[in-house]
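Where a number appears in this text, it was derived from the coordinates with a stated rule and is not lab data. Quantities reported herein were computed from a predicted structural model and do not represent experimental measurements. Glycine also receives a Cβ, built like all others from the backbone with ideal geometry; neighbour counts cover every protein chain displayed.
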């Protein structure tokens, strides 16, 4: 218990030599830092909300309106607006084995990346250098990660759909949609 009081005394002693104006300046700086951090959080949330609304307009409202009008391209206020198909994909963790098994079964395992990672302690430079040859003999437990890069996956799905081949979009965490591409002229 005395340790706590010693700490409190040490903390209090740290402020003995602080002048009132220095303490006031420090307090103002702390308040300003906190105000700015709050403002940053507010702006980050506002930016996230704006991005979400922008995507809703580009991926839902404009394509719907243009399709109702029978248009796939239009010029508006000096901007060229075209409809393009987009693909988003990211294999969900619970579908990973199923997705990889499918890719391997159709000979597309070349898009699967394998990453092996081992952490070594200080002074294990030699073991790290010889990892590939003797990690199992040394009793090291490598972390093995198998992935498909999202951009590679998206391109593969687009190619597969373009060639008329079937694919279970749910297995690959994918969805396909139409979005408006707006380009300034």
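Exposure proxy for 88, 175: other Cβ atoms within 10 Å of each Cβ, ordered fewest to most, give 175, 88.
How do 115, 98 rank when sorted from fewest to most other Cβ atoms within 10 Å of their own Cβ?
Values: 115 10, 98 15.
Ranking 115, 98 by Cβ neighbours within 10 Å, fewest first, gives 115, 98.
The stretch between residue 80 and residue 39, if pulled fully straight at 0.36 nm per residue, gains 11.2 nm over its current Cα-Cα span.
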